[in-house]
Every structure is written in structure tokens, then in C-alpha cells.
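Let me begin by presenting the structure, written as C-alpha cells, before commenting on it.
The values are calculated or read from the model by the stated rules, or taken from the named source; none is laboratory data. On a predicted model such as this, the values are computed, not experimentally measured, just so you know. Here the Cβ is made from the backbone with ideal geometry for all residues, glycine too, and neighbour counts use every protein chain on show. The accessibility values were calculated without ligands, DNA or RNA, using every heavy atom of the protein model including side chains. Shrake-Rupley method; radii C 1.70, N 1.55, O 1.52, S 1.80 Å.
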Amino acid sequence: MQPALFHPIPAAYTPGAVRKAAVSIDPVWVVDDDKSIRWVFEKALERENIAYRTFASAQEALDALDTET
């Protein structure tokens, strides 16, 4: 029997409850020039235990992509 990829969400789901995947995933990349928007994404992703990286511009993200691949 193979493990489930995701744990089922309980009927009495509480927002912010930790739901962990059985497989690892790459971090979410957030690109926005507004620092407050990046902050909101950071807090939301941290709350859900999701790995992330933030960038203030598309060029920053593209530079990171070039150096990391």
C-alpha cells in the first residue's frame, strides 16, 4: 500500500492547521515590488509550513533562477 500524498482535511477544519505533504516540494517563489504584499505572503506561507522565497522584482527572480539551475 502506498502512502497518501496528502493527509485528508478533517471535517472540523481549522484554518491554519498544519497539513503536511508526504512528498517534498520546491519552495513557492513570490515576486512583488510591494514589500507589504510580500510580507502577507510570507506570513500566510509560514503559517501553512510552506517553503518560500520572496523577490522584489522579476529581475531578482530571474537572476536567482539563472544561478540556481
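Laid out as a table, the results:
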{"read-out": "Residues (in contact with a Lys or Arg (Cβ under 9 Å, 6 or more places away or on another chain) and modelled with pLDDT of 50 or more) located in segment 16-34", "value": "Pro27, Val28, Trp29, Val30, Val31, Asp32"}
{"read-out": "Segment 33-44 - residue that is among the charged types (D, E, K, R) and touching a Ser or Thr at 6+ places or on another chain (Cβ under 8 Å) and, of those, most open to solvent (accessible area, probe 1.4 Å)", "value": "Asp33"}
{"read-out": "Matching residues in segment 52-68 - criterion: being of a type in the set (S, T, N, Q) and open to solvent by 70 Å² or more (accessible area, probe 1.4 Å)", "value": "Gln59, Thr67"}
{"read-out": "Yes/no for Ile37 being at pLDDT 50 or above, assigned to a loop (DSSP other than H, G, I, E, B) and of a type in the set (Val, Ile, Thr)", "value": "no"}
